[in-house]
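Colleague: Sharing a structure, written as structure tokens. Questions coming.
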Amino acid sequence: QAAAQAAAQAAAQAAAQAAAEAAAKDHDTQLRQALQFTVGSIARETAANAEPSVQPPMMGGPAISTLTEVLFRYSKSVASDLKHFAKHGKRTVISCDDVKLLARKLPSLHNDLEAYEAAYLTKEKAPSRKRKKSSSAGGGGGGNDADRLGRQAGELRAG
């Protein structure tokens, strides 16, 4: 009886995992299709708006598909990097600073992002995570263990 229940539970878990994987593949497929449509639209628009004296070559279907795949994989890499930057900063939300950190090796892009942020986004300074050292008699600046635990509990509630 117990073996049959365990087998049924394992089968249900396997089915749920297969359904989740199928949903993820379907989502990826939808994203790829939307990206391919956008890449094709940009290629057509660029060709249509080019000066007649400098007519760029038309982009064929295989080139659009290849560019779509490159962009899709690069986007996944960028998303992963941004997630790790935020996690390293002990945040659950990706910030403008994370995006600028990603662009740090491309000075012109970094400068464009700085200008965009200054022009369109309000800078809301988040409270600094660094704490001032208290001026206790011990000179160590940390206070006693009870004070430190109280501060840590307050930071956990706030963060």
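Colleague: I'm trying to understand the selection: among the residues of region 78-92, which are under 9 Å from the mean Cα position of the chain (by Cα) and either part of a loop (DSSP other than H, G, I, E, B) or closer than 23 Å to A118 by Cβ (or both)?
Modeller: First, the residues of region 78-92 that are under 9 Å from the mean Cα position of the chain (by Cα): 78-86.
Across region 78-92, the qualifying residues are V78, L82, F85, A86.
Colleague: Related question: Residue by residue through region 102-112, note down the ones that are farther than 17 Å from S75 by Cβ and open to solvent by less than 70 Å² (accessible area, probe 1.4 Å).
Modeller: Step one: filter region 102-112 for residues farther than 17 Å from S75 by Cβ, giving 104-105, 107-108, 110-112.
The answer is H110, and nothing else.
Colleague: Same structure again: Could you check region 34-52 and list, in sequence order, the residues that are part of a helix (DSSP H, G or I) and open to solvent by 100 Å² or more (accessible area, probe 1.4 Å)?
Modeller: Quick first cut of region 34-52, residues part of a helix (DSSP H, G or I) only: 34-49, 52.
Within region 34-52, F37, R44, E45, N49, P52 qualify.
Colleague: Right, next: Give just the number: which of (1) in contact with an Asp or Glu (Cβ under 6 Å, 6 or more places away or on another chain); (2) outside any helix (DSSP H, G or I) does M59 not satisfy?
Modeller: In the conditions (1) in contact with an Asp or Glu (Cβ under 6 Å, 6 or more places away or on another chain); (2) outside any helix (DSSP H, G or I), M59 misses (1) alone.
Colleague: In this structure, is L31 out of contact with any strand residue (DSSP E or B) (no Cβ under 6 Å at 6 or more places or on another chain), within 24 Å of L102 (Cβ to Cβ), open to solvent by 60 Å² or more (accessible area, probe 1.4 Å) and not basic (K, R)? Lay out the reasoning, then the answer.
Modeller: Numbers: out of contact with any strand residue (DSSP E or B) (no Cβ under 6 Å at 6 or more places or on another chain): yes; within 24 Å of L102 (Cβ to Cβ): yes; open to solvent by 60 Å² or more (accessible area, probe 1.4 Å): yes; not basic (K, R): yes.
Answer is yes for this residue.
The values are calculated or read from the model by the stated rules, or taken from the named source; none is laboratory data. Bear in mind the structure is a predicted one, so any value in this text is a computation, not a measurement. With ideal geometry, Cβ positions are generated from the backbone for all residues, glycine too; neighbour counts draw on all protein chains shown. The protein model used for the area step is the full one, side chains on, heavy atoms only, and it has no ligands, DNA or RNA in it. Shrake-Rupley method; radii C 1.70, N 1.55, O 1.52, S 1.80 Å.
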